[in-house]
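Worksheet for the structure shown next.
Coordinate-derived values only; no laboratory data. Every value quoted in this text rests on a predicted model; they were computed, and no experiment measured them. Heads up, the Cβs are rebuilt from the backbone with ideal geometry, glycines too, and the neighbour counts pull from every protein chain shown.
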Amino acid sequence: MSEARPKLSRWLRRHSLTLVAALGGAAGVAYAAGWHKSETTTPSQVVTTVKIQEQAPRDTQQDTVQIALVLDTSSSMNGLINQARSQLWNMVDQMGKLTRDVNGKTRGVKIQLALYEYGNDTLDPNTGYIRQVQAFTDDLDMVSEKLHGLFTNGGSEFAGQAIQVASTELQWSSDPSALKFVFVAGNEEFDQGPITATDAMQAAAKKDINVQLIYCGIKHPTWEAAAKIAKSDLMTIDQNRVAAHIPSPQDDEILRLGGELNSTYMAYGAGGASSFARQSKADMSSAKMSPKVALERAQLKSKKAYDNTSWDLVDAMDKNSNVLAETSDDKLPAELRGKSLDEKRALVAANTAKRAALKSKIAQLEVERTKFLTAEQAKHTGVPEQSLQTELMKTTKKVATKKGYKL
């Protein structure tokens, strides 16, 4: 028996990718990820992973979380924009942890983001100096690209009108269980422009949209009054505060694995190539901002919230097992063209297994990093950080809890 077990282990490791293709779906990925997780993984550990999934079954359906970020881009708001850029990944990571129990199953969420700017003198005055930068999308790299394209100038900040426009112009979910938010940040009087706070909040309330006001500075009476009408707490932040980065022993390996994840993506469709390039661009933009931002992006890329079904075959196959059969060769990546359907499936399965293994390693490193950071942060006392991200999460948790979500 002692000699047979190592032989079986070696055989299974050697042929695990083939078994992935045969098993298919989540079972195959979980199996391969277990075998490729590390050299010390044992069969009993793989079985344990499957048992945990059986004890807490995941619902294949997802709830919707829609967030419209409405940012003041007048002359003095560079700090706010930089916070939005730098905290995007961690914010989505935290939002992606929302779950809701439905009929004995745990249901996760899909996150859609929209982006507006207001108060910039380069914008059309006929629209109230308001511009939809990005409609609702689950392409987080696209949102990042649009955020990095914002700049500040001038200033006529019609916050009430911006709320009304976002509430009426976007395609909001009609699902009563969906979480819908308009997050508005600014630093001038709220009651500028033709739309009153009452009219703005009524437009949002008609669609069950929660409006959260974030004032960049010391509390302002017009924003406090608007927050009361919105039935929310006014949040205040120091827009110029930059979150400190605490280096950890896990940082370099998390960044390396995050970069390696890109090699598992298989771009398809008309926009696949540009989306693949955008992914690398978002990596570079994050690294340029700070090590902290780069790490948070790498960690997010290992989570379900970072989903690229619209252009990546690995993610697409998880949602639709027939996508390869339904996609013509000229819309597939070069390495799949001219191959049989079984050969295509085997190649996608190999990348699926590789990605699952990389994500598993990042997840373990993240646990270790979090433990390290918690211990380091406990050594320091001071005023708790108040940033765009922390204030958004306070509101999200409060509203989500009322609808039966857990975070």
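If we count every other residue with Cβ under 12 angstrom of PRO221's Cβ, Lys/Arg +1 and Asp/Glu -1, where does the sum land?
Charge balance near PRO221 sits at -1.
Distances longer than 15 Å among the Cα atoms of region 211-295: what percent of all pairs is that?
I get 72 percent for the Cα pairs in region 211-295 exceeding 15 Å.
Under the classification rounded if a/c is under 1.5, otherwise prolate if a/b is larger than b/c and oblate if not, where does region 251-377 fall, given a ≥ b ≥ c as square roots of the Cα gyration tensor eigenvalues?
prolate
Around MET77, under 11 Å between beta carbons, what's the net of Lys plus Arg minus Asp minus Glu among the other residues? Walk me through the numbers before you get to the answer.
Working: positive: none; negative: ASP72, GLU117, GLU157, GLU188.
Net of charged neighbours comes to -4.
Measure nothing but the geometry: give the 0 to 90° angle between the long axis through the Cα atoms of 43-55 and the longest principal axis through the Cα atoms of the chain, rounded to 10°.
40 degrees
Note down the relative contact order for the chain as a percent, whole number, built from C-alpha pairs under 8 angstrom at least six residues apart. Each step should come with its number before you reach the end.
Details: 665 pairs, mean separation 80.5, N = 407.
It rounds to 20 percent for the chain.
Using DSSP loop states and a limit of at most 15 other Cβ atoms within 10 Å to flag GluC sites (Glu not before Pro), what is the longest stretch of the chain containing no flagged site?
Counting at most 15 other Cβ atoms within 10 Å as exposed, the longest clean stretch of the chain is 190-384.
Please report the relative contact order for region 251-377, taking Cα pairs under 8 Å with a sequence separation of at least 6, and give it as a percent rounded to a whole number. Walk me through the numbers on the way to the answer.
Numbers: 110 pairs, mean separation 43.5, N = 127.
Once normalised by length, the contact order is 34 percent.
Given the C-alpha centroids of region 211-260 and region 317-353, what is the distance between them in whole angstrom?
Here the two parts' Cα centres lie 41 Å apart.
As I understand it, the value is the acute angle between the Cα axis of helix 291-300 and the longest principal axis of the Cα atoms of the chain; what does it come to in degrees, rounded to 10?
Its long axis makes an angle of about 60 degrees.
Could you check the simple spin-label distance between THR137 and THR122, using points 7 Å along Cα→Cβ, in nm with one decimal?
That separation, rounded to one decimal, is 1.9 nm.
How are the Cα pair distances of region 71-210 distributed, in percent, across 10 Å bins from 0?
All Cα pairs considered, the percentages come to 11, 39, 35, 12, 3, 0.
Which three semi-axes in whole Å describe the equivalent ellipsoid of the chain, each the square root of 5 times a Cα gyration tensor eigenvalue, listed largest first?
41, 23, 20
For region 200-226, list residues with backbone N below 16 Å from a point placed 7 Å from the Cα of THR168 toward its Cβ?
Taking a point 7 Å out along Cα→Cβ of THR168, the residues of region 200-226 whose backbone N falls under 16 Å are 200-209.
Looking at the chain, what % of its DSSP beta bridges pair antiparallel, to the nearest 5?
Taking every DSSP beta bridge with both residues in the chain, the antiparallel ones total about 25 percent.
Report the full-extension gain for the segment ARG256 to VAL399: residue separation times 0.36 nm, less the Cα-Cα distance, to one decimal in nm. Walk me through the numbers before you get to the answer.
Values: separation 143, 0.36 × 143 = 51.48 nm, distance 3.66 nm.
Difference between extended and current length: 47.8 nm.
Under a 10 Å cutoff between Cα atoms, tell me which one of ASP208, ASP233, ASP342 has the largest fluctuation in the Gaussian network model of the chain.
Highest fluctuation among the options: ASP342.
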